[in-house]
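The next block holds one structure in the form of structure tokens; read it before the comments.
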Amino acid sequence: MADPMRIRAQVTGDKATVRVLMSHEMESGQRKDSAGKLVPAMHITEVTATHNGKVVMTADWGPAVSKNPFLQFVVKGAKAGDKIGVTWKDTKGDTRTDEATAS
């Protein structure tokens, strides 16, 4: 698998705009392979974001989210140098975590 995530956090005033690109194949469970068999569902189910270790956002996702999803959100009270972390978990039980420093 390629890099699980690319995170950028840009501070403006007292807010950080966080942009996350997640590498994940995302299968809905409705597509058939060349043999006509259903490809099992495999998608991100949970996303959690932290600001200096404190949870600031959680999301529950389903099979309708696209391959390699992009997520953007704003964290109030952030300043340059703060740590922004993102963790996701998928239907196979795989978990990926990455962290960026706000600038």
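The values are calculated or read from the model by the stated rules, or taken from the named source; none is laboratory data. In this text the structure is predicted, and so the values were computed from the model without any measurement. Reconstructed Cβ throughout: ideal geometry from the backbone, glycine too, with neighbour counts over all protein chains shown. Just the protein is used for accessible areas: all its heavy atoms, side chains included, with ligands, DNA and RNA removed. Shrake-Rupley method; radii C 1.70, N 1.55, O 1.52, S 1.80 Å.
What residue among 7, 103, 58 has its Cα farthest toward the positive end of the dipole of the chain, where the charges are +1 on Lys, Arg and -1 on Asp, Glu, each on the Cβ?
Positive-end residue among those listed: 103.
Name the long-range amide H neighbours of residue 42: under 5 Å, sequence gap of 5 or more, or other chain; modelled H, no Pro or chain starts.
Residues meeting the criterion, in which the H sits 1.01 Å from N, are 27, 28, 29.
Let's see if you can work this out: charge +1 on each Lys and Arg Cβ, -1 on each Asp and Glu Cβ, no other charges. What is the dipole magnitude of the chain about its Cα centre, in debye to the nearest 20?
That gives a dipole near 200 debye.
Could you put 51, 24 in order of accessible surface area, largest first, with the 1.4 Å probe and the full protein assembly present?
The ordering from most to least exposed comes out as 51, 24.
Return a single number: how many Lys pairs in the chain, at a sequence separation of 8 or more or on separate chains, have alpha-carbon atoms below 28 angstrom apart.
23
What figure, in Å² to the nearest 10, do you get for the accessible area of residue 21 with a 1.4 Å probe and non-protein molecules left out?
70 Å²
Here are a few candidate values for Rg and Dmax of the Cα atoms in Å: (i) 15.5, 55; (ii) 12.3, 35; (iii) 14.5, 42. Which one was actually calculated from the structure I just gave you?
(i)
If I ignore ligands, DNA and RNA and count only protein heavy atoms, how much of residue 7 is accessible to a 1.4 Å probe, in Å² to the nearest 10?
Roughly 10 Å² of residue 7 is accessible to a 1.4 Å probe.
Please compute the per residue accessible area over the chain with all protein chains in place, 1.4 Å probe, rounded to a whole number of Å².
Counting only protein heavy atoms, the per-residue value for the chain is 61 Å².
With all protein chains present, how much of the accessible area of the stretch 6-101 (probe radius 1.4 Å) comes from carbon and sulfur, to the nearest whole percent?
48 percent
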